[in-house]
Structures are given as C-alpha cells and as structure tokens.
Amino acid sequence: IGALGKDLAYAIVSTYLMVYFTDAVGLNPAFVGTLFLVARLWDAVNDPAMGMIVDNTRSKFGKFRPWIFIGTVLNAVVIVFLFRKPDLEGLPLYAYFSIMYILWGMTYTIMDIPYWSMLPSLSKTNEERAQMSVIPRIFASCAWLIMGAFGLSIVNKLGNGDQTKGYGAFAVVIAAIFIITSIITVINVKDSSCKVTESNK
C-alpha cells in the first residue's frame, strides 16, 4: 500500500508541476525545462549515492525501513512547499522553486530506492518475489489512474476555481496519504535485513 502514497506524490509532480509552474505561478517555460534537465542530471549522481547509503545501513529496523520513513516525511514536507506559491517575485521566486524542486527529487530518492530495494529481501524464492512485486504495482497504477482521471477536478474543487490554491490544498492531501501509507508499510513489512541485525546482537 506504500506504493499508493508514493506514486500519488510522484504523479502530481510528473503530471502537473510544469503546468503549475508556467500557468499558475508564471515561471518562464524555458527556465522550467532547464530546471527539469538539471534535476535529471543530478539524479544520475544522487540515486547511486543513496543506493550505497542504504546498502551500508545497519539498524534494528533493518536497512530499508528507516530510510523509507525518513524519506517519506521529508518528501511530504517538501511537496507541500513545492505547490505553495510564496510572496516572492523575480529572481527570489525562481530560486525558491529551483531549490524546492531539487529537494523534492532528492527526498523522493531517499524513500524510493530502499522501497524497491527491499523487495528481494522479502523472500528467498524468485517465484514468490515475482508474485509480491505485482501488489505494489497495482497500488501504483491506482495512484496514476486517480491522478490522470480526477486530478484536475480535485484541484478545481479544492481551490474553488483558484488553481494555485487548489494545487496547494491537493499537495497537502497527498502528503498526508503519503505519510499514512508509508507508516503502514514500515510497521507491517519486515525484511531479512532485520533478522540479520537481530542475529548479530
């Protein structure tokens, strides 16, 4: 179920952030495109680095769950600020959203890398792992379906016609769902790295 919240968070950014930046906030489209490119280049460094950090984590909660929880909370906070227009203009406004978007990508990586990396440690057989991998993908698909089919309607409803306000309110709702679903995952899913840690005590 954790995939529902995390993919809602990813889907609102992937589907609506450019429209929000250019139409609601009024950022230059060329700048937005350049910002997205810079963020993707940074991901090429950020993602492997997070993988190394997760792989070297040792805790009583395992190597994956602490980062899933930490990354979720951080990303939920950032996504709220990402869809909140500050009382700024000009260069400070561009700097604000640049920082927020880069932070969003980094904090999402903190939880996304361990979330999918945890799957192989949940079972010793390939067949069982293949069966289990279908479950989060179903929840992820539901998140994208919700965003694609109802996203704009929800934004207009929450904002009463004010899209800037609507996106901000929608981001708060998604952040709450993200945290709740990740907590459910963290509490109920125990991987083999927990058992290794306990056996080392």
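The values are calculated or read from the model by the stated rules, or taken from the named source; none is laboratory data. Please read these numbers as outputs of a predicted model, since none were measured by experiment. Here the Cβ is made from the backbone with ideal geometry for all residues, glycine too, and neighbour counts use every protein chain on show. With ligands, DNA and RNA removed, areas are computed over all heavy atoms of the protein, side chains included. Shrake-Rupley method; radii C 1.70, N 1.55, O 1.52, S 1.80 Å.
Computed over protein heavy atoms with a 1.4 Å probe, the carbon and sulfur contribution to the accessible area of the range 87-162 reaches 66%.
Partners of LYS190 within straight-line reach, counting lysines whose Cα lies under 28 Å from its Cα and excluding those fewer than 8 residues away in the same chain: LYS6, LYS60, LYS63, LYS124, LYS201. Using the Karplus relation 6.51 cos²θ - 1.76 cosθ + 1.60 with θ = phi - 60°, the per-residue 3J(HN,Hα) values for the range 9-14 come to 5, 6, 5, 5, 6, 5 Hz, with x marking Gly and Pro. Each label was represented as a point 7 Å from its Cα along the Cα-to-Cβ direction; for ILE70 and ASP162 these points are 3.8 nm apart. Between LYS60 and VAL173, the modelled labels are 3.9 nm apart [label points 7 Å from Cα along Cα→Cβ]. Once both labels are positioned 7 Å from their Cα atoms along Cα-to-Cβ, the gap between SER14 and LEU145 label points is 1.6 nm. Taking a ≥ b ≥ c as the square roots of the eigenvalues of the Cα gyration tensor of the range 90-159, is the shape rounded (a/c under 1.5), prolate (a/b larger than b/c) or oblate? Since a/c reaches 1.5 but b/c is at least a/b, the shape of the range 90-159 is classed as oblate. Of the peptides 39-45, 68-74, 117-123, the order by per-residue mean of other Cβ atoms within 10 Å, starting with the highest, comes out as 68-74, 117-123, 39-45.
Taken about its Cα centre, the chain carries a charge dipole of roughly 600 debye when the Cβ of each Lys and Arg holds +1 and the Cβ of each Asp and Glu holds -1. Relative to the dominant Cα principal axis of the chain, helix 163-188 is inclined by about 10°.
Against the chain, whose longest principal axis comes from its Cα atoms, helix 126-159 is set at around 20 degrees. Surface exposure of the chain, expressed per residue as accessible area with a 1.4 Å probe, stands at 53 Å². Computed 3J(HN,Hα) for the range 66-80, one whole-Hz value per residue from the Karplus formula 6.51 cos²θ - 1.76 cosθ + 1.60 where θ = phi - 60°, is x, 6, 4, 5, 4, x, 5, 4, 5, 5, 4, 5, 5, 5, 5, glycine and proline marked x.
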